[in-house]
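Read through the structure below, which is laid out as structure tokens, and then see the notes.
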């Protein structure tokens, strides 16, 4: 009941404020003479080894909104834990980017607050004062335009909008319009509500690009889903690995890395295939950022170093996501060639929405989406 | 739950009223005198006994409600604005209010009618018998059986791969979702909501039904009344206030229900509590956090209108009861 929820929220907010006040004077440093909160590179700690020492002294890292099955985060987290002997506390894996920021604000000053964020670009650009600037050791490997110049946010990985389908339940879709056919009745799901989730919005953008729209005009995408709904083919259910395993969502429009992960996870149970439609592809980088009030500032910075190292970047690639240092890794021959071959080269006509285009598109969604699919 | 607790006790007192006033006039005169004198004798400081409850209500209901509503009048930077209120007129928001109202009204009326019929049927069994005990216990449990558990129960039975759905499809050739998957849209809320509305009606309305005295129907028969005059002239007017009170409770219950809908509906945010969720957590449509406050104001306005209508109605029906 919403009154109770509101009450609970308010109490949490009050408690958070009270606790912040109490702990304001507490010692947050890790005991070294370096103020980890101010460090903008490993150099500020006195080199990588000193950063590792400081992070190990903290011993903990709080991450949020990182599902184990999302872009290989399960493996990335355990690789980090094994390598540095730091415990990673993964909170609320399924929350949205906006909720990550809310959690950081509500828990400010508590030792459970998130240290690092994994954010969609819209939310990242909207909350710059929540981030601490930091440049990783291989800063130059990240292309210009893929990073804020002081390192407030950095592009990390992108997927392509793909169609995942159970090959035993439906024929392989060759084009978007195939999904309107009767063999897809009640079967086509979108990963979330596009007025709330970035992955779902990207699905609508792809539909727009594939049916005559553009990044400046996504109305054809909304129209497509309206047709899909009128045909009785749209399945208004939020797909998860569980719904894919149970067969409730036989067709899922989602990031390629999520659909590829579903295939691995359901091996032997579901014949899950992933296809990226020919023509325009839609991508959207997720960003890494450090919470300016991180309770474990050194571990947060070490996490960035690890995330952008070839080891973790190759793990993203293995999951079907394109990491932002891909070009540099190919050049330095540190790329996991087998993974790259499996995922395929990045498509040439990859469309990324600019912040302005995203804002325009989402306000159209806010206005039209609910009506289109009901 | 404090709102519904009050409502329940109102429903209880509504039937207690006529029960006291119906005995012969001389008896009621005798009992009226001490009843009037009592409040004067009660010392002022006795009100202090209310403090814990008042404090609790203030801290955990009034203050949070006020804070939540206040956010509706500010923008993201903390400046005063009426934009959030004007946003209530957006077609998507109006549509959500209409759907919320529709779902609440349908499940409240259906729940109240079915629940009242169950109560009527229960009058025929022994009050301390096995059936009555069983129905009472089941109602108390099921009235609180909401949220994710309830949604899951429905997904597991009549979901796309649910037991019942698959059985009907494979054995009888009946496709529950031939015209689209309605369980995950607004019409899909009706069945799950009824699942807790009917038991809630049984709990709240049963005391009023039990207040009906056998002697009244005997008196009616003695004076030459028929069974229908008993119901239309005696039982229904007496039951009306508590029936309407329970109906309102059911409406409020459905109107504010969040978790069941949140677990079932993931597309479109067609009802107001889901719009509030969307405004708070969206990662695509940004900067609408404070719209949640004005949506809450809208919900409270609807409830105030309902409550006012109810009390006006009750004042009318109570006139003859004094």
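Before moving on, here are some points about what is shown:
- Some residue of the stretch B:152-174 being part of a loop (DSSP other than H, G, I, E, B) and in contact (Cβ under 8 Å) with a residue 24 or more places away in the chain: yes
- Checked against the criterion of being part of a helix (DSSP H, G or I) and in contact with a helix residue (DSSP H, G or I) (Cβ under 7 Å, 6 or more places away or on another chain), the stretch A:135-154 contains one or more residues that satisfy it.
- Checked against the criterion of being surrounded by fewer than 17 Cβ atoms within 10 Å (Cβ to Cβ) and within 13 Å of chain A (Cβ to nearest Cβ), the candidates B:152, B:167, B:177 yield just one match: B:152.
- Complete set of residues in the stretch A:106-123 that are within 24 Å of residue A:51 (Cβ to Cβ) and at the interface with chain B (Cβ under 10 Å from one of its Cβ atoms): A:119
- Condition met for residue B:254 (at pLDDT 85 or above, within 14 Å of another protein chain (Cβ to nearest Cβ) and surrounded by fewer than 24 Cβ atoms within 10 Å (Cβ to Cβ)): no
- Test: residue B:302 is out of contact with any strand residue (DSSP E or B) (no Cβ under 9 Å at 6 or more places or on another chain), touching a residue at least 60 places away in the same chain (Cβ under 8 Å) and surrounded by fewer than 19 Cβ atoms within 10 Å (Cβ to Cβ): yes
- Yes/no for residue A:215 being surrounded by fewer than 24 Cβ atoms within 10 Å (Cβ to Cβ) and closer than 17 Å to residue A:355 by Cα: yes
- When we screen A:348, A:372, A:339 for residues that are within 13 Å of chain B (Cβ to nearest Cβ) and at pLDDT below 90, the only hit is A:372.
- Matching option when the condition is modelled with pLDDT of 90 or more and either surrounded by fewer than 20 Cβ atoms within 10 Å (Cβ to Cβ) or within 14 Å of chain B (Cβ to nearest Cβ) (or both), among A:293, A:333: A:333
- Scanning the stretch A:40-82 for residues that are more than 25 Å from residue A:286 (Cβ to Cβ) and part of a loop (DSSP other than H, G, I, E, B) returns A:46, A:47, A:59.
- Residue check for residue A:321: closer than 27 Å to residue A:176 by Cβ and at pLDDT 90 or above: yes
- Those residues of the stretch A:80-113 which are free of Cβ contacts under 8 Å to residues at least 24 places away in the same chain and under 19 Å from residue A:60 (Cβ atoms), in sequence order: A:81, A:82
- Which numbered condition residue A:336 fails, given (1) under 21 Å from residue A:99 (Cα atoms); (2) without any contact (Cβ under 8 Å) to a residue 40 or more places away in the chain: (1)
- The stretch A:125-142: number of residues that are closer than 24 Å to residue A:315 by Cβ and at pLDDT below 90: 0
- Those residues of the stretch A:177-195 which are within 16 Å of residue A:256 (Cα to Cα) and not in a strand (DSSP E or B), in sequence order: A:191, A:192
- Test: residue A:133 is away from every other protein chain (no Cβ under 14 Å) and more than 27 Å from residue A:94 (Cβ to Cβ): yes
- Candidates B:62, B:87 - the one that is in contact with a helix residue (DSSP H, G or I) (Cβ under 9 Å, 6 or more places away or on another chain) and part of a helix (DSSP H, G or I): B:87
- Restricted to the stretch A:215-318, the set of helices (runs of 4 or more DSSP H) holding at least 3 residues that are touching a residue at least 40 places away in the same chain (Cβ under 8 Å) and touching a helix residue (DSSP H, G or I) at 6+ places or on another chain (Cβ under 8 Å) comprises A:219-230, A:256-265, A:297-307, A:310-318.
- Selected residue (only one of B:32, B:79 is out of contact with any strand residue (DSSP E or B) (no Cβ under 9 Å at 6 or more places or on another chain), modelled with pLDDT under 80 and surrounded by 12 or more Cβ atoms within 10 Å (Cβ to Cβ)): B:32
- Residue list for the stretch B:266-277, restricted to those being facing chain A (nearest Cβ under 7 Å), more than 20 Å from the chain's Cα centre (by Cα) and modelled with pLDDT of 85 or more: B:276
- Here is the figure for the stretch B:253-296: residues that are touching a residue at least 40 places away in the same chain (Cβ under 8 Å), in a helix (DSSP H, G or I) and more than 30 Å from residue B:201 (Cα to Cα) total 4.
Residues are listed down the side, and each one gets a yes or a no for (1) away from chain A (no Cβ under 13 Å); (2) assigned to a helix (DSSP H, G or I); (3) at pLDDT 90 or above; (4) in contact with a strand residue (DSSP E or B) (Cβ under 9 Å, 6 or more places away or on another chain):
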residue: B:50; (1), (2), (3), (4): yes, yes, no, no
residue: B:56; (1), (2), (3), (4): no, yes, yes, no
residue: B:93; (1), (2), (3), (4): no, yes, no, no
residue: B:98; (1), (2), (3), (4): no, yes, yes, no
residue: B:104; (1), (2), (3), (4): no, yes, yes, no
residue: B:109; (1), (2), (3), (4): yes, yes, yes, no
residue: B:121; (1), (2), (3), (4): yes, yes, yes, no
residue: B:140; (1), (2), (3), (4): yes, yes, yes, no
residue: B:145; (1), (2), (3), (4): yes, no, no, no
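- Every test in (1) in contact with a helix residue (DSSP H, G or I) (Cβ under 8 Å, 6 or more places away or on another chain); (2) crowded, with 22+ Cβ neighbours inside 10 Å is passed by residue A:73 save one, and that test is (1).
- Residue match in the stretch A:175-193 (condition: within 15 Å of the chain's Cα centre (by Cα), crowded, with 16+ Cβ neighbours inside 10 Å and within 14 Å of chain B (Cβ to nearest Cβ)): yes
- Filter result for residue B:86 (more than 30 Å from residue B:285 (Cβ to Cβ), out of contact with any strand residue (DSSP E or B) (no Cβ under 7 Å at 6 or more places or on another chain) and away from chain A (no Cβ under 14 Å)): no
The values are calculated or read from the model by the stated rules, or taken from the named source; none is laboratory data. Small disclaimer: the values here were computed from a predicted structure and weren't measured. So basically every Cβ, Gly included, is an ideal-geometry build from the backbone, and we count neighbours across all protein chains shown.
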